[in-house]
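Report on the structure given below.
The values are calculated or read from the model by the stated rules, or taken from the named source; none is laboratory data. If you're wondering where the values come from, they're calculated on a predicted model, not measured in any experiment. Using ideal geometry, Cβ is built from the backbone for each residue, glycine included, and neighbour counts are taken over all protein chains shown. Note: accessible area is taken over every heavy atom of the protein model, side chains too, but ligands, DNA and RNA are not part of it. Shrake-Rupley method; radii C 1.70, N 1.55, O 1.52, S 1.80 Å.
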Amino acid sequence: MSIQSSNNNTRIAKNTLLLYFRMLFTMAVSLYTSRIVLNTLGVEDFGVYNVVGGIVSMLSFFNSSMATSTQRFLNYEMGQNNGKGLRDVFVNAVNAHYLIGFITVIGLETVGLWFVYNKLNIPQGQFDAALWVFHCSVLSLFVSIISTPYNAAIIANERMGVYAYYSIIEVVLKLVIVYLLVVIPYNKLIVYGLLTLIVSIAMQIMYIVYCIRNFTECRYKWSWNMQLMKKMFFFSGWMLFGCISDMLSKQGVNVLINIFFGPVFNAARAIAVQVQAAVNNFVTNFMTAVRPQIIKSYSAGEFQHMYRLVFSSSKLSFYLLFVLTTPVLIYTEFILQLWLKIVPEYCVLFTRLVLIELLISSAYVPIAQINQASGKIRNYQMAISIIFLASFILTYVLYKIGMPVYSTFILSVALAIVGLFVRVIILKHDNAFPASTYLFKVMLPLIPVAGLSLVIPVLIYKYTETTFLTFLLNSFMGFLSSIMVIWIFGLDKVEKSFITEKLIVEFIKNKSDDKDWKTPD
């Protein structure tokens, strides 16, 4: 292994651990605040807040597609060691995101507002409060859009420690929101919307200031490179179709649930999705650390190293998620009751189904980075967009013919399985991806490893009474058994060496003098 590859692996390990520290801290506070917010707002108002916020996020697809494009172009220029190109990409990305932000606000305050007035199922007494939430969410989204290039710069420069430090501030502010929500004698839905907006603006300002002070490419100076803008928008154009379809499969389905079944079921879905997001953060943080290295390896022509990263991160993504998901799947009802006290109807079933879908999809998330690194995204985006769009259309059909509310979650599990094979086939055709190696050496071994890992926790659950003590015992035993099975049967020699030498030894040895650990100015 080259010195450069060794340094890259060490950086991935350190950044992954930093992101996990951030995630564990924020997740613990988020779970606590969610319980207080749910109990303070009530199930119905909690559902209203999530469906109205969902309408706003439905028009965030412009930003989502351009954010991916910005990240890709920044990483590519870094791989080429092109300082001027890096500055050009950032400045034009800022211009593009301001344009996207203004277009999004206009769309939301016209078409989006009409939809809220005429289509959503909102209790009459809370309609004015829902409008406050809507306008606050629109402004929060605008701030998030114009800040996207700065967040992309932090990830491209692999300064993951910034997120860890600033997340401490963010969760403290969220705790302040919870306290004020309880003590302020005013409409709780309006108060929650306003306070959330204030925190969102404050955090984005902090990230922007950090970037300006630490990265020379982030010191904005007006320029307009039409050729570069065309390339970025062309790349994001294909991503746009995928983002729209993905939005419909998530927030679109959430709106359908509201129209056919009411806000109580939106609350149940919101809780299930939050559990899914909390668990998925483990994989997301890992991929945030790995993604820049995949794109930079492609840019530098180091294809073998790139494939090794993709294959190993696919397995590790699944294993990380599986270890965390197992106790949640087994003790879903117990955990939700302990966490929330008030558990909305169907919340247990929704949670289990979204976690199963997440497990299926987690292993193929890393291969999408090859598609983005190469820039050959047309066929890939069209294929997955059709799958996402099918989720929305088929959900509408199922609800229209009288199927139960949970049928959309079962549909999502089935489409996740289909999506795996579609992605692999497209990547093989467009990027000469070694599909057979990926399926037989990466994906296929995951099934017996998962099966063996479940034996001990399932037996403990079946033959013991469910208490907090048995839950902790089973989670601990399940963790140990899973780690042993994964280590013996689920990893090859190179991956074991990476974990023992890079993730543990070199992290401890080098943490004191690595610049990525310095406290932000």
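Picking from 186, 192, which residue would you name as being without any contact (Cβ under 8 Å) to a residue 24 or more places away in the chain and farther than 27 Å from residue 75 by Cα? Let's see the steps before the verdict.
Details: 192 fails: without any contact (Cβ under 8 Å) to a residue 24 or more places away in the chain.
Being without any contact (Cβ under 8 Å) to a residue 24 or more places away in the chain and farther than 27 Å from residue 75 by Cα holds for just one of 186, 192, which is 186.
Results for (1) touching a Gly at 6+ places or on another chain (Cβ under 9 Å); (2) open to solvent by 40 Å² or more (accessible area, probe 1.4 Å); (3) closer than 23 Å to residue 245 by Cα, shown as yes or no for each residue.
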| site | (1), (2), (3) |
| --- | --- |
| 85 | no, no, no |
| 89 | no, no, no |
| 104 | no, no, yes |
| 110 | no, yes, yes |
| 115 | no, yes, yes |
| 139 | no, yes, no |
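Okay, residues lined up against (1) among the polar types (S, T, N, Q); (2) in contact with a Leu (Cβ under 9 Å, 6 or more places away or on another chain):
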{"site": "378", "(1), (2)": "no, no"}
{"site": "389", "(1), (2)": "no, yes"}
{"site": "401", "(1), (2)": "no, no"}
{"site": "418", "(1), (2)": "no, no"}
{"site": "454", "(1), (2)": "no, no"}
{"site": "467", "(1), (2)": "yes, no"}
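Only one of the numbered conditions (1) touching a residue at least 60 places away in the same chain (Cβ under 8 Å); (2) surrounded by 16 or more Cβ atoms within 10 Å (Cβ to Cβ); (3) not small (Gly, Ala, Ser) is violated by residue 222, and that is (2).
Do we have residue 143 as part of a helix (DSSP H, G or I) and more than 23 Å from residue 56 (Cα to Cα) here? Criteria not met by residue 143.
For region 166-213, which positions are of a type outside the set (A, V, I, L, M), over 30 Å from residue 123 (Cα atoms) and surrounded by fewer than 16 Cβ atoms within 10 Å (Cβ to Cβ)?
Once the filter is applied, which keeps residues that are of a type outside the set (A, V, I, L, M), over 30 Å from residue 123 (Cα atoms) and surrounded by fewer than 16 Cβ atoms within 10 Å (Cβ to Cβ), region 166-213 yields only 213.
Does residue 146 satisfy being hydrophobic (A, V, I, L, M, F, W, C) and surrounded by fewer than 16 Cβ atoms within 10 Å (Cβ to Cβ)? Answer is no for this residue. Residue 416 meets all of the listed conditions (1) closer than 30 Å to residue 346 by Cα; (2) touching an Asp or Glu at 6+ places or on another chain (Cβ under 9 Å); (3) open to solvent by 50 Å² or more (accessible area, probe 1.4 Å) but one, namely (3).
For region 118-126, check the following and say yes or no: at least one residue is within 19 Å of residue 215 (Cβ to Cβ) and open to solvent by 20 Å² or more (accessible area, probe 1.4 Å).
As a first pass, look at region 118-126 and keep what is within 19 Å of residue 215 (Cβ to Cβ): none.
Among the residues of region 118-126, not one is within 19 Å of residue 215 (Cβ to Cβ) and open to solvent by 20 Å² or more (accessible area, probe 1.4 Å), which makes the answer no.
Out of 41, 19, 59, 24, one residue alone is within 26 Å of residue 212 (Cβ to Cβ) and either of a type outside the set (Ser, Thr, Tyr) or at pLDDT 70 or above (or both). It is 19.
When restricted to residues that are at pLDDT 85 or above and open to solvent by less than 30 Å² (accessible area, probe 1.4 Å), region 329-340 contains 4. Might you check whether a residue that is modelled with pLDDT under 85 and charged (D, E, K, R) occurs anywhere in region 286-301? Yes, there is a match, as at least one residue in region 286-301 is modelled with pLDDT under 85 and charged (D, E, K, R). Please tell me if residue 205 is in contact (Cβ under 8 Å) with a residue 60 or more places away in the chain, under 25 Å from the mean Cα position of the chain (by Cα) and in a helix (DSSP H, G or I). Considered against the rule, which asks whether it is in contact (Cβ under 8 Å) with a residue 60 or more places away in the chain, under 25 Å from the mean Cα position of the chain (by Cα) and in a helix (DSSP H, G or I), residue 205 comes out as no.
Residue check: is residue 304 without any contact (Cβ under 8 Å) to a residue 12 or more places away in the chain and under 30 Å from residue 472 (Cβ atoms)? No, not satisfied. Within the option set 307, 346, being closer than 20 Å to residue 433 by Cβ, open to solvent by 20 Å² or more (accessible area, probe 1.4 Å) and modelled with pLDDT of 80 or more holds for one residue only, 307. Sort out which residues of region 432-456 are open to solvent by less than 20 Å² (accessible area, probe 1.4 Å) and of a type in the set (A, V, I, L, M), and write them in order of number. Matches in region 432-456: 435, 442, 446, 449, 450.
On the stretch given as region 451-492, residues that are closer than 21 Å to residue 316 by Cα, in contact (Cβ under 8 Å) with a residue 24 or more places away in the chain and aromatic (Phe, Trp, Tyr) total 2. Here is the figure for region 376-400: residues that are of a type outside the set (A, V, I, L, M, F, W, C) and open to solvent by 30 Å² or more (accessible area, probe 1.4 Å) total 5.
Of 260, 265, 241, all but one fail to be within 28 Å of residue 399 (Cβ to Cβ), touching a Pro at 6+ places or on another chain (Cβ under 9 Å), open to solvent by 20 Å² or more (accessible area, probe 1.4 Å) and in a helix (DSSP H, G or I); the exception is 265. Quick check on my filter: what residues within region 426-450 are among the β-branched types (Val, Ile, Thr) and touching a residue at least 12 places away in the same chain (Cβ under 8 Å)? Those that are among the β-branched types (Val, Ile, Thr) and touching a residue at least 12 places away in the same chain (Cβ under 8 Å): 426, 437, 442, 449.
For region 135-162, name all the residues that are in contact with a helix residue (DSSP H, G or I) (Cβ under 7 Å, 6 or more places away or on another chain) and closer than 25 Å to residue 36 by Cα.
136, 137, 138, 139, 140, 141
Among the conditions (1) at pLDDT 85 or above; (2) of a type outside the set (A, V, I, L, M, F, W, C); (3) open to solvent by 30 Å² or more (accessible area, probe 1.4 Å), residue 429 misses just one, which is (1).
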